[in-house]
Amino acid sequence: MTSIQRSPLRRIALALALTLALALLLAAVLIAYQFSAHASSHREAPLISKDPFADTTDVYMFISPENPANVVLAASWIPFQAPEGGPNYFEWDKTALYDIYVDNNGDASPDITYTLSSNVVVENPNTFLYNVGPIGLNGANWNRKQYITITEQIGDDAPTVLVGNKLAAPVNIGEKSTPNYESYFDAAVTARTTPQGPMKIFAGQTDDAFWVDLQVFDLLTLRGQDAPIGYTTGNNIPVDSLSGMNVHSLVIEAPIAHVTSAGEPVIGMWAGTRRSQIRVLTSSGGQLNSITYTQVSRLGMPLVNEVVIPMGLKDVFNSIPPSSDLDVYGLLQKSVEDPELATLLCALYDVPVPNPVNDSDQKCNTQFTPGTPRTGRGDIFDIFVTGIKLSKPLTVGNTVIPAGTNFTQPQTVRPAEMLRLNTAIHTLGVCPTTPARLGVLAGDLCGFPNGRRLADDVVEIELLAVAGAVYQLLDGTDANFTYNEALGAVLTDGVDYNDVPFYGASDRRGYPTTFPYMAPPHSGQAHWHINPFFNLLLDWVQNGAED
């Protein structure tokens, strides 16, 4: 076929069309980027990566934004939940127990334990549908109902039922099945009272509140940076790898006086999952009896099992309680006090390490004495294992916190990995009205690693800490080590806040104001995927259009 000669007018029209197409494509890319720029890694150990319904993803602990006399304990499980994952939507696993533990005296053993269990009732087993109409708050039209029970055990006392066999909120399917989803979200909150004041409990599906560009695992690539830290070809734009994904979360808000012990303002927290070791099943496959439960997942400080614990010890770490950490510290000492991440930052990007080995082949390793804790990176040891006790005065504004202050370290402490919070720091007037994303590194003493707020950018905080940002404050054994402040603009993954606003916040950069603080889950209806239309449009723009 002979091609038709285009007239000048026709060429102008085609050029305008191409310009419009490029504008639409650019808008589409920007929209896609807006909806895909924030999340987290949760597949931290080989065994638990194969058991996602038992996988603990994140732990948070912070002073309540609603009431500064309260503390919030929160944990999430079951990663990578695509909101439209039906007809068998995500739910709590009825064969697992989900736990939040509180240590309020520093002995690395739980003094308070919150446990969630669940069961499922199928109304009609002869349909494949999760629901047969709009789901009512009372469970109407909901075919596969889930009920949850949450208990609190203080010391060796018998557990107290806080939430008893309560109908859970359904997942966020879409406006036909779950209209006005916030009404389900709010109905999932349970109010209780304690001798010290009111308590709130929430359990259900939420937005995944953690964010990170997981391409950091491609040899510590930080997209958005120039090579060698970023890429020279392909996509070098930061992406939040879990934007649009959901998790299941348990959130407890309780009076500080209820969870602390007398004279000790520091509390430790971790979360985990237990599975029954032996299950006796009925002929139809239902569970008849469980004999004992064993821990299969454990999480305290963010990213510890992912980027501190070596591959050969990850599954072991998930199986032991914090009280056993000191007993096996000989296996963990190198990982903590000569962290592999610091070695890689040094080898790949020439970031120096404190107290390097006097050997040109090992200049990226920190010296330590095997078998003697805290002889290597004392700053990392304090942050992750004992909590922080200031070795030098810390000045914030007009307030000086003297050396020797137990910042996040209990007065008597057994070394163990967990998240720690000093519940009294906020009373000193040292925390800004607008919380700082980089927490303590930005002078905000109410942020990570003093607890962990939803808006704390723990990925960047930990990268900078490993690079030595607080080495002289907490350790200082190597007086010649100097932290390069310029690393603050380099060791960033370019993802600074969550993909959606937290509950009650005005925008994605805002701080949550309303319990349970995590954002409601993404809906299957609104979840963003690549639209085939834009692939066709891109092909049309790249290859030209014929008549």
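Derivation of every value follows stated rules applied to the coordinates shown; laboratory data play no part. Keep in mind that this is a model prediction, so the values were computed, not measured. Please note: Cβ atoms are built from the backbone with ideal geometry, for glycine as well, and neighbour counts cover all protein chains shown.
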May I ask you to sort 299, 129 by Cβ crowding, counting other Cβ atoms within 10 Å and putting the fewest first? 129, 299
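At a Förster distance of 41 Å, what's the computed FRET efficiency of residue 49 paired with residue 403, Cβ-Cβ distance as r, to 0.05? Walk me through the numbers on the way to the answer.
Working: r = 43 Å, r/R0 = 1.04.
Computed FRET efficiency for residue 49 and residue 403: 0.45.
Enumerate by residue number the chymotrypsin sites (Phe, Trp or Tyr not before Pro) in the range 109-158 meeting two conditions: DSSP loop (anything except H, G, I, E, B), and at most 11 other Cβ atoms within 10 Å of the site's Cβ. Mind showing how you got there, number by number?
Values: sites: 114, 128, 130, 142, 147; in loops: 128, 130.
Counting only loop positions with at most 11 other Cβ atoms within 10 Å, the chymotrypsin sites (Phe, Trp or Tyr not before Pro) in the range 109-158 are 128.
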Compactness summary of the chain: radius of gyration and Dmax from Cα atoms, Å, are 25.5, 91
For the chain, the dipole about the Cα centre with charges only on Cβ (Lys and Arg +1, Asp and Glu -1), to the nearest 20 debye, works out at 940
Qualifying GluC sites (Glu not before Pro) for the range 78-135 [loop in DSSP, other Cβ within 10 Å: at most 11]: none
Helix-only CD estimate at 222 nm, as mean residue ellipticity for the chain, using -39500 (n - 2.57) per DSSP H run (n ≥ 4): -5000 deg cm²/dmol
Go ahead and collect, in residue order, the members of the range 57-87 whose backbone nitrogen is under 20 Å from a label point 7 Å along the Cα-Cβ direction of residue 506. 65-67
Label-to-label distance, nm, for residues given as residue 480 and residue 434 (7 Å Cα→Cβ offset): 4.2
Between residue 127 and residue 191, what's the calculated FRET efficiency when r is the beta-carbon distance and R0 is 30 Å? Round to 0.05. 0.30
Give the separation of the Cα centroids, the range 421-477 to the range 129-162, in Å. 36
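Scan the chain and note any complete DSSP helix (H) whose C-alpha atoms cover at least 20 Å along its axis and whose Kyte-Doolittle average is 0.0 or more.
Working: long enough: 8-34 (38 Å, 1.83).
Passing helices, by number: 8-34.
If you average 1/r over every pair of different alpha-carbon atoms in the range 331-489 and take one over that average, what Kirkwood value in Å do you get?
On the way: mean 1/r = 0.0617 Å⁻¹.
Hydrodynamic radius (Kirkwood, Cα only) of the range 331-489 equals 16.2 Å.
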Give the peptides 305-317, 436-448 in descending order of average Cβ contacts within 10 Å, highest first. 436-448, 305-317
